[in-house]
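What follows is a short report on a single structure.
The values are calculated or read from the model by the stated rules, or taken from the named source; none is laboratory data. Here the structure is a predicted model, which means the values were calculated and not measured. Here Cβ is always computed from backbone atoms with ideal geometry, including for glycine, and neighbour counts include all displayed protein chains.
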There are 2 protein chains.
Amino acid sequence: MKALRVGLCGVGNVGGAVLKLLKESSSLLEQQGGFLFELVQVGARKGRSVVPYDDVDVTTDLMEVANNPDVDIFVELIGGTEFADELVQTAIRNGKQIVTANKALLAIKGDEIFQLAKQNNVQIGFEASVAGGTPVIKALREGLVANKVEWFAGILNGTSNYILTEMSVEKTEFSLALSKAQELGLAEADPTMDIDGTDAAQKASILAALAFHVPFNFEAVNYEGIDKVDVEDLKYAEELGYNIKHIAFGRLLDNSVFVSAYPTLVPHEVILSQVGQQMNALEIYAQGIGSTVYYGPGAGPEPTASAVVADLVDLAKGGWQAEPARHSDNILRQESSIKVPRYFRLMVKNEPGVIAKISAVFANQDISIEALIQHEIKVNNGEQTDEVPVVILSGSVSDQIVKELLNQLNDMEEVADCLKQFRIHAKIN
Amino acid sequence: MKALRVGLCGVGNVGGAVLKLLKESSSLLEQQGGFLFELVQVGARKGRSVVPYDDVDVTTDLMEVANNPDVDIFVELIGGTEFADELVQTAIRNGKQIVTANKALLAIKGDEIFQLAKQNNVQIGFEASVAGGTPVIKALREGLVANKVEWFAGILNGTSNYILTEMSVEKTEFSLALSKAQELGLAEADPTMDIDGTDAAQKASILAALAFHVPFNFEAVNYEGIDKVDVEDLKYAEELGYNIKHIAFGRLLDNSVFVSAYPTLVPHEVILSQVGQQMNALEIYAQGIGSTVYYGPGAGPEPTASAVVADLVDLAKGGWQAEPARHSDNILRQESSIKVPRYFRLMVKNEPGVIAKISAVFANQDISIEALIQHEIKVNNGEQTDEVPVVILSGSVSDQIVKELLNQLNDMEEVADCLKQFRIHAKIN
């Protein structure tokens, strides 16, 4: 097999790990199927100092790599959506195969990029964009190729999962757990995209495109981050038999596809509830097979590098068609019409008849109450407090109805505050 | 893409499900990459009556399918190792690509078959041979292609896992749990190969060949089945923080490969210990990535059929080299020299000084005692019994030393019986 000539842009943590793995695994790859890769050029804004190999051509002009006629495969590891898009589209127009770890790029510009790739008859590898070293793209696209996927549910953001695990196990408050994650290198200096759910939502939109054969469309994903979760909520969830996880969820109902990413109560008996620390996991439910679950490191330089090199090998073997998302009658819809069971935490006046009044508000909206907790709260001198927390698990409700319900509850004199509302992971099938 | 012509032999539960899935998924497969399969001939000993499709050519002479010049891909689903071997080797000599779900065939004759395939330049798909609908072969061979696998540990026999789960959760005795499995269709009329560990050991030898690049060699796998596990052992394990699972284990140490399949105490915090019912799971530890885990249905007609069709698609895309196992300096060795921690259950005389004497025997063999349980046992009238059970968790010991230890214990007057000895899953890395 003739060597494939690789050009790589972006030598941060991941790019450095890819360079290292390509060097170290070259004899393993050659043994396993005659796969040979020649690193033709590296684009690094900081120049040669960040590339520890003398025999590699390094340029600070990244566009030079995308235009280099000696490059067969263009590896994009710079991140971001503007310049990365320009680089990738240039490389595609030059007929180069693409490997990218950039979930934001695919979630936002994926459709345009895959169309261009199809026109230019090139392939795009993006295993590294979701769940790092855990081959979930391969599982969805190849392992389950003959099966209709009905839904998937995944823990796709390692930073969020680490913070929720700390809050749940150690009862550490959110801000302290975040600081600890940053100290350990598990959260970035600016952790906004991880904490507010954007990162997980972008990954969910990529998985949905593959699972349900719809266009990449990040706009259609409803999401919230973990910043609304308190240690208090994790304690109540535990008491009720749940863990709170940030769950990316995609579902096919008839021909409609719904995608979301929310902090979600997951029952202890569901395997996702047991996934701790910074690990990722994805459960895929397909017709005929039922559930399969993929668990592993979701980020980190070395796992991501492993996915990038696996993509290079896939391309050496012929790759996969471009345009994964264009061949069905399925339609991506706003997810807010979906009904799901919910968790509510309220502060209410500690006086007779309050629970009855709250229950009536739920009943008026035709929402069942499945569980309710009101603990006896004593203050230090043994007297009772004026306000007490009440936790309610409800039956299935849409976002629309929840909004009305919360308005009505907030209007009640007896309700001091509607503190929280989270979704509950409904066991489907 | 031109249609690939498929010939399929064996229309039992799995074969029937493959025929159905090929029919039902044909438009999905065509949409996803232009994959077209034409079912040219079906070999079924029982003839046309078992094939519900009128437009398919059916023969009772299976060799006719292996010799049919119109067949591009030969799908072997008859099971067994004699005639299946003959069919597969004939098909290979005729230049046909192969898809098989037959783990016994690969474990026992795999090396010969893959050499022949290489000579004839044909590919062999065998995703269905291990863990059914869970794409573990693909993960090992492709997802982790650039990473050195250090070890794997898997629950690979669904029947055994169902029985152990029943025994652990419901405290059902082995024979009753087996009957229940048979009633539910989770165990065959003759469950020997599942119960005695053969099935899991065969699958372990296939995984080892892929993970460590050694020849298929079932002979080198040391194994025992779950028939030696009592409900009593599961109770003690639980008390000590373990579950007992049947674990197939493969490990690379320097250039030596060790493969085994034993009932094993798995600590509760290890994810494999939480895999219940008839489910399978495989943990793979690779350099740079750490652990990834794959969980799903390990058997059943539809999951297995899904793996067979995924293999057909892989072959349509060019497949993978034959001879997965021939390109390294690694050597498969008898596993009995490996040291692992152990669980022992003894019946001992209820008299002073016994524990001291037993401890001395362990100390003489230089084996540490990590935990010891002796419960106070009262008989109905409140008096103590003559004999009491003692459970010991030891440090790491080889099979050889365990044998000597057990001999010495059995020679002791104070030891009524050495009831059990199981391995403990050591946390590596």
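Output the number of the condition that A:Thr81 fails; it satisfies all remaining conditions of (1) surrounded by fewer than 20 Cβ atoms within 10 Å (Cβ to Cβ); (2) touching a Gly at 6+ places or on another chain (Cβ under 7 Å).
Evaluating A:Thr81 over (1) surrounded by fewer than 20 Cβ atoms within 10 Å (Cβ to Cβ); (2) touching a Gly at 6+ places or on another chain (Cβ under 7 Å) leaves (2) as the failure.
Quick grid of which residues meet (1) away from every other protein chain (no Cβ under 14 Å); (2) not in a helix (DSSP H, G or I):
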position: B:Leu140; (1), (2): no, no
position: B:Tyr162; (1), (2): yes, no
position: B:Ser168; (1), (2): yes, no
position: B:Leu178; (1), (2): yes, no
position: B:Gln182; (1), (2): yes, no
position: B:Glu188; (1), (2): yes, yes
position: B:Ala204; (1), (2): yes, no
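With within 14 Å of chain A (Cβ to nearest Cβ), buried (at least 24 other Cβ atoms within 10 Å of the Cβ) and touching a strand residue (DSSP E or B) at 6+ places or on another chain (Cβ under 7 Å) as the only criterion, which of B:Ala146, B:Ala91, B:Ala131 stands out?
The unique qualifying residue is B:Ala131.
Of the numbered conditions (1) out of contact with any Phe, Trp or Tyr (no Cβ under 8 Å at 6 or more places or on another chain); (2) at negative phi; (3) away from every other protein chain (no Cβ under 14 Å), B:Asp254 satisfies every one except a single condition; which is it?
If we test B:Asp254 against (1) out of contact with any Phe, Trp or Tyr (no Cβ under 8 Å at 6 or more places or on another chain); (2) at negative phi; (3) away from every other protein chain (no Cβ under 14 Å), just (2) comes out false.
I need a count of the residues in segment B:263-283 that are small (Gly, Ala, Ser) and either over 18 Å from B:Ile226 (Cβ atoms) or in contact with a His (Cβ under 9 Å, 6 or more places away or on another chain) (or both).
The total comes to 1.
Can you tell which of B:Ala104, B:Ala146 is in the same structural domain as B:Gly250 (by TED's automatic domain parsing) and not in a strand (DSSP E or B)?
When all the criteria are applied, what remains is B:Ala146.
Quick one: in segment B:1-26, which of the residues that are in contact with a Leu (Cβ under 9 Å, 6 or more places away or on another chain), closer than 24 Å to B:Gly185 by Cβ and among the small types (Gly, Ala, Ser) is nearest to the other protein chains (Cβ to nearest Cβ)?
Checking each candidate, the answer is B:Gly15.
Against the condition in contact (Cβ under 8 Å) with a residue 24 or more places away in the chain and crowded, with 23+ Cβ neighbours inside 10 Å, how does B:Leu8 come out, does it pass?
Taking the combined requirement at face value, the residue satisfies it.
Keeping to segment B:1-47, report how many residues are in contact with a Gly (Cβ under 6 Å, 6 or more places away or on another chain) and hydrophobic (A, V, I, L, M, F, W, C).
3
Residue by residue, here is whether (1) away from chain B (no Cβ under 14 Å); (2) buried (at least 19 other Cβ atoms within 10 Å of the Cβ); (3) at pLDDT 90 or above holds:
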position	(1), (2), (3)
A:Ala325	no, yes, no
A:Lys349	yes, no, yes
A:Lys357	yes, no, yes
A:Asp366	yes, no, yes
A:Ile369	yes, no, yes
A:Ile377	yes, no, no
A:Leu393	yes, yes, yes
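Would you confirm whether any residue within segment A:222-239 is farther than 23 Å from A:Ile373 by Cβ, crowded, with 24+ Cβ neighbours inside 10 Å and either outside the structural domain of A:Ile155 (by TED's automatic domain parsing) or not basic (Lys, Arg) (or both)?
no
Can you confirm whether A:Glu335 is surrounded by fewer than 22 Cβ atoms within 10 Å (Cβ to Cβ) and at pLDDT below 95?
Details: surrounded by fewer than 22 Cβ atoms within 10 Å (Cβ to Cβ): no; at pLDDT below 95: yes.
For A:Glu335, the condition - surrounded by fewer than 22 Cβ atoms within 10 Å (Cβ to Cβ) and at pLDDT below 95 - is not met.
Test A:Asp399 against the criterion of being in contact with a Ser or Thr (Cβ under 9 Å, 6 or more places away or on another chain) and at pLDDT 80 or above, and give yes or no. Spell out the reasoning first.
Values: in contact with a Ser or Thr (Cβ under 9 Å, 6 or more places away or on another chain): yes; at pLDDT 80 or above: yes.
It is true that A:Asp399 is in contact with a Ser or Thr (Cβ under 9 Å, 6 or more places away or on another chain) and at pLDDT 80 or above.
Residues in segment B:238-253: is at least one under 23 Å from B:Val275 (Cα atoms), part of a helix (DSSP H, G or I) and touching a residue at least 12 places away in the same chain (Cβ under 8 Å)?
Yes, there is a match, as at least one residue in segment B:238-253 is under 23 Å from B:Val275 (Cα atoms), part of a helix (DSSP H, G or I) and touching a residue at least 12 places away in the same chain (Cβ under 8 Å).
Can you tell me which residue within segment A:286-323, out of those that are of a type in the set (S, T, N, Q) and within 7 Å of another protein chain (Cβ to nearest Cβ), is farthest from B:Val309 (Cα to Cα)? Let's see the steps before the verdict.
Step one: filter segment A:286-323 for residues of a type in the set (S, T, N, Q), giving A:287, A:291-292, A:304, A:306, A:321.
Within this subset, residues satisfying the condition of being within 7 Å of another protein chain (Cβ to nearest Cβ) are A:291-292, A:306, A:321.
Values: A:Ser291: 18, A:Thr292: 17, A:Ser306: 27, A:Gln321: 18 Å.
Checked segment A:286-323; the qualifying residue farthest from B:Val309 (Cα to Cα) is A:Ser306.
Which residue out of B:Leu36, B:Leu29 is within 14 Å of chain A (Cβ to nearest Cβ), surrounded by fewer than 24 Cβ atoms within 10 Å (Cβ to Cβ) and closer than 27 Å to B:Ala131 by Cβ?
B:Leu29
Among the residues of segment B:379-388, are any assigned to a strand (DSSP E or B) and either modelled with pLDDT under 80 or not hydrophobic (A, V, I, L, M, F, W, C) (or both)?
Yes, segment B:379-388 contains a residue that is assigned to a strand (DSSP E or B) and either modelled with pLDDT under 80 or not hydrophobic (A, V, I, L, M, F, W, C) (or both).
List every residue pair whose Cβ atoms lie under 6 Å apart, where the two residues are 6 or more positions apart in sequence or sit on different chains, the first residue falls within segment B:292-307 and is in contact (Cβ under 8 Å) with a residue 40 or more places away in the chain and surrounded by 24 or more Cβ atoms within 10 Å (Cβ to Cβ), and the second residue, located anywhere, is of a type in the set (Ser, Thr, Tyr) and not in a strand (DSSP E or B).
B:Thr292/A:Thr134; B:Tyr294/B:Thr134; B:Gly296/B:Thr134
Which of the residues spanning segment A:181-224 are under 21 Å from A:Ile113 (Cα atoms), of a type in the set (D, E, K, R) and modelled with pLDDT under 95?
Of everything in segment A:181-224, just one residue is under 21 Å from A:Ile113 (Cα atoms), of a type in the set (D, E, K, R) and modelled with pLDDT under 95, namely A:Glu219.
Quick one: what pairs do we get from segment B:358-376, first residue more than 17 Å from B:Cys418 (Cβ to Cβ), second part of a loop (DSSP other than H, G, I, E, B), C-beta under 7 Å, 6+ apart or different chains?
From residues that are more than 17 Å from B:Cys418 (Cβ to Cβ), the pairs are B:Ala371/B:Leu240.
Within segment A:11-26, count every residue that is surrounded by fewer than 21 Cβ atoms within 10 Å (Cβ to Cβ) and assigned to a loop (DSSP other than H, G, I, E, B).
Total meeting the criteria: 1.
Considering B:Glu269, B:Glu283, which residue is more than 8 Å from chain A (Cβ to nearest Cβ) and part of a strand (DSSP E or B)?
B:Glu283
If we scan segment B:59-78, do we find a residue that is surrounded by 15 or more Cβ atoms within 10 Å (Cβ to Cβ), modelled with pLDDT under 95 and assigned to a loop (DSSP other than H, G, I, E, B)? Before you say what the answer is, go through the steps one by one.
Here is the first cut: in segment B:59-78, the ones surrounded by 15 or more Cβ atoms within 10 Å (Cβ to Cβ) are B:59, B:62-68, B:71-78.
Next, from what is left, pick out any that are modelled with pLDDT under 95: none.
There is no residue in segment B:59-78 that is surrounded by 15 or more Cβ atoms within 10 Å (Cβ to Cβ), modelled with pLDDT under 95 and assigned to a loop (DSSP other than H, G, I, E, B).
Could you list all residues from segment A:29-58 that are without any contact (Cβ under 8 Å) to a residue 60 or more places away in the chain and in a strand (DSSP E or B)?
Correct list: A:Glu38, A:Leu39, A:Val40, A:Gln41, A:Val42, A:Gly43, A:Asp57, A:Val58.
For A:Thr172, which of the numbered conditions (1) at pLDDT 95 or above; (2) surrounded by fewer than 24 Cβ atoms within 10 Å (Cβ to Cβ); (3) assigned to a helix (DSSP H, G or I) fails to hold?
All conditions are met except number (3).
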